[in-house]
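The values are calculated or read from the model by the stated rules, or taken from the named source; none is laboratory data. Keep in mind that what you see is a predicted model, and the values were worked out from it rather than measured. Don't worry about glycine lacking a Cβ; one is built from the backbone with ideal geometry, like all the others, and counts go over all protein chains shown.
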Amino acid sequence: MQAVKAGRRVAVVEQEAGVGGMCVHRGTIPSKTLRETALHLSRLRRSAALLEFTIKPDLEVAALTTRLDEVVKAHVAYMGRQLERNGIRVFHGRARFVSDRLVEVQSVDGSVRRIEAAAIFIATGSRPRTPPEIGIDHENILDSDSILSMLYLPASLTVLGGGVIACEYASIFAHLGVAVTMIDRADRPLKFIDPELVAKFVGDFERSGGRFLGERNIASVEWDGVSKVVTRLASGEVVGSDKMLVALGRAASIEGLGAGRGGVEGERARAARSRRALPHRRAAYLCHRRRDRPAVAGGDRDGAGGGARRATRWAWRPAARPR
Ligand SMILES: Cc1cc2nc3c(=O)[nH]c(=O)nc-3n(C[C@H](O)[C@H](O)[C@H](O)COP(=O)(O)OP(=O)(O)OC[C@H]3O[C@@H](n4cnc5c(N)ncnc54)[C@H](O)[C@@H]3O)c2cc1C
């Protein structure tokens with residue numbers, strides 16, 4: 001939209017059936033829909049003396065997000081209309097760079113189309129970071145993309161990590177009556193937030209039945225093959241739970257993109273070079289670009305909200321506009 005306003009002709013390539021990305025389909029909107037239900041049930045539980053209220057066992061997770069489909073469809077339709085109104089064409093398929101000005105788009109029906117552009121903006125988002133030693137099977141051990149695909153609300157949940165996504169889901173499930181154990185190697189969750197606010201969050205989390213185990217390192221995580229995920233900690237403690245959420249950060253989603261051919265370097269090279277390569281410091285951690293190439297990478301690298309928006313604004317500033 002910013003590029004159109006800057007007088008450019010724009011096309012969007014999206015591999016999923018609908019636009020909206022992680023925010024609409026698996027991140028912000030789905031988690032907030034479940035959060036609304038959790039808050040509502042938690043208020044009802046507070047009136048339990050009057051209402052005799054309990055959550056039934058084996059409650060289907062889908063029953064807690066009944067409005068989700070409707071909300072997601074409304075967002076996708078709204079965004080689609082916005083793109084159309086601004087004359088932006090959407091191509092559905094998986095994009096990969098052929099060269100720095102040419103991308104190849106492969107559709108689900110196998111057809112391939114090539115799109116050439118003077119400037120290519122990469123906003124392929126992020127995916128959950130999965131440590132190789134933890135076998136995520138998306139059934140018992142889940143990540144932040146698959147957590148809402150659980151069929152039934154578990155009686156207990158272990159959450160690995162103490163970041164934003166870990167805390168959000170830990171508190172939502174605790175408010176839904178699940179016995180949640182959050183484990184992190186730091187002494188408190190949300191290290192970047194004021195300690196007083198974090199203490200308030202942890203207090204509320206514990207009052208709703210959760211527990212936070214800080215300064216703990218994971219020795220192993222295993223599904224026992226019957227009913228429990230068993231987490232052994234370096235301290236010798238063992239935590240068993242019905243399900244586990246692994247929320248140990250997110251990584252840039254650039255595999256298969258051939259980003260090198262577009263002049264965009266991988267995570268490590270970027271970490272070392274981005275600050276030097278970018279004229280605009282504030283955007284340095286969100287997007288990166290080699291001075292001599294037309295590709296610009298932006299958007300979500302690690303789950304931080306608003307990345308794409310800020311990076312786009314930066315990318316289309318006249319000084320930074322690729323020639
Ligand atoms: C559980 C959770 C809760 C969150 N809650 C919040 C919140 O409350 N507030 C907030 O501000 N942020 C929140 N976020 C973060 C927010 O979702 C992201 O910051 C935002 O989605 C990033 O947008 P993006 O456009 O950069 O990337 P994405 O939304 O990930 O979009 C990338 C798009 O690129 C497509 N794509 C990837 N590779 C290719 C390819 N090769 N070819 C074609 N298409 C491709 C993907 O299909 C996807 O549609 C949350 C995230 C999660 C996981």
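Summary table below
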{"item": "Selection count where residues are within 9 Å of the ligand (Cβ to nearest atom) and either hydroxyl-bearing (Ser, Thr, Tyr) or in contact with a Cys (Cβ under 9 Å, 6 or more places away or on another chain) (or both), scope the stretch 3-59", "result": "3"}
{"item": "One residue from Gly177, Gly214, Gly162, Gly203 being modelled with pLDDT of 95 or more and more than 21 Å from Leu233 (Cα to Cα)", "result": "Gly203"}
{"item": "Filtered residues of the stretch 19-44 (kept if more than 17 Å from Arg67 (Cβ to Cβ) and in a loop (DSSP other than H, G, I, E, B))", "result": "Val19"}
{"item": "Glu70 of a type in the set (Asp, Glu), without any contact (Cβ under 8 Å) to a residue 24 or more places away in the chain and surrounded by 13 or more Cβ atoms within 10 Å (Cβ to Cβ)", "result": "no"}
{"item": "Yes/no for Ala62 being among the small types (Gly, Ala, Ser) and surrounded by 15 or more Cβ atoms within 10 Å (Cβ to Cβ)", "result": "no"}
{"item": "Considering residues of the stretch 122-146 that are within 8 Å of the ligand (Cβ to nearest atom) and of a type in the set (Gly, Ala, Ser) only, the residue nearest to Thr231 (Cα to Cα)", "result": "Ser144"}
{"item": "Strands (runs of 3 or more DSSP E) fully within the stretch 184-236 counting 2 or more residues that are over 14 Å from Gly163 (Cα atoms) and assigned by TED's automatic domain parsing to the domain that holds Ser156", "result": "218-223, 229-233"}
{"item": "Conditions (1) at pLDDT 95 or above; (2) within 25 Å of the chain's Cα centre (by Cα); number of the one not met by Val108", "result": "(1)"}
{"item": "The stretch 144-156 residues that are touching a residue at least 60 places away in the same chain (Cβ under 8 Å) and in a helix (DSSP H, G or I), paired with ones that are among the hydrophobic types (A, V, I, L, M, F, W, C) and more than 11 Å from the ligand (Cβ to nearest atom) (beta carbon under 7 Å, 6 or more apart)", "result": "Leu148/Val61"}
{"item": "Residue within the stretch 21-40 that is farther than 24 Å from Phe205 by Cα, touching a strand residue (DSSP E or B) at 6+ places or on another chain (Cβ under 7 Å) and among the β-branched types (Val, Ile, Thr) present", "result": "no"}
{"item": "Any chance Glu133 is assigned by TED's automatic domain parsing to the domain that holds Val159 and touching a residue at least 40 places away in the same chain (Cβ under 8 Å)", "result": "yes"}
